[in-house]
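Readers should treat all values here as calculations from the given coordinates under stated rules, not as data from a laboratory. This structure is a prediction, so every number in the text was calculated from the model and none was measured. Backbone-built Cβ (ideal geometry, glycine too); neighbour counts: all protein chains shown.
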Amino acid sequence: MADTNPVDNHPRYVVVDKLPPMTEAPEKWWLRFRADPAWRVYYENREAAIFAQQVAVAVTQKTSRAFARGKGVLFLTAHFGGWELSAFTHSMHGHWMHVVMRPMDNPYLNRLICQYREMHGNKMVEKDDFVRGLLSAMKAGEVVGILMDTNMTPPQGAFVNFFGIPACTATGVARVALHTGAAVLPAFTVWDKQLGKYKIRFDPALQLVCTGNEQADVLANTALFNKVIEGYAMRYPEQWLWVHRRWKTRPPGEQSLY
């Protein structure tokens with residue numbers, strides 16, 4: 001793998017070592033790993049009508065119970081499979097949500113992407129103000145989708161393990177869930193070869209750690225969220241669009257991994 005990817009260093013090697021064995025040549029696997037998810041998602045973003053036909057939504061009793069709690073729902077997800085299709089499909093079926101996002105550096109591209117994301121009622125929450133947005137949404141019993149596999153910086157993030165390496169991870173989701181009692185529901189949009197379309201997979205609401213020690217509980221639950229993402233990356237490695245420097249922020253005094 002080192003010969004086919006000379007630019008990225010230690011973290012990606014560690015993750016790849018932990019993933020299931022490859023069944024094809026490394027060069028082909030790497031190209032699919034890097035390109036397929038992104039091209040598939042953004043190509044399909046051009047045709048809104050195709051979205052509803054390309055995604056199968058499986059709502060279970062466990063999902064319904066999360067909504068029935070009436071304290072809001074936090075969809076825990078990552079840059080995985082057809083992640084852009086997930087919120088879009090929900091809104092097309094009349095279930096709009098808030099989506100936490102970082103504005104694109106290119107203002108023209110940012111405007112275009114926001115138009116697609118908000119086309120059927122979804123609302124954007126900027127990353128820099130997402131805790132306030134989450135608290136407001138949970139108070140109203142609404143839904144927020146959060147991509148949790150991005151690098152953060154203190155104090156918005158804290159160091160918990162991700163594939164065995166400390167990674168600065170957003171703690172706002174854990175803080176809001178503990179404060180409001182909102183359900184944290186893993187929701188990943190994966191490509192199903194048998195169906196020939198994406199499937200939005202909802203897992204049961206997570207059982208949060210709640211001991212009364214706020215800081216310890218925040219860290220424990222943030223680590224739990226990372227474990228969920230790890231599990232999906234292990235199960236569907238080719239669908240994780242991992243081109244982000246996830247371990248960019250390091251603990252004080254630690255050398256950069258890149």
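Table for the structure above
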| read-out | value |
| --- | --- |
| At most 11 other Cβ within 10 Å, DSSP loop - GluC sites (Glu not before Pro), the range 195-258 | E254 |
| Residues D149, D217 arranged by fewest to most Cβ contacts within 10 Å | D217, D149 |
| Under Karplus coefficients 6.51, -1.76 and 1.60, residue-wise ³J(HN,Hα) of the range 91-100 in Hz, glycine/proline x | 5, 5, 8, x, 10, 6, 8, 8, 10, 7 |
| Under 5 Å, built H, 5+ apart or other chain: amide partners of V125 | V99, V100, M101 |
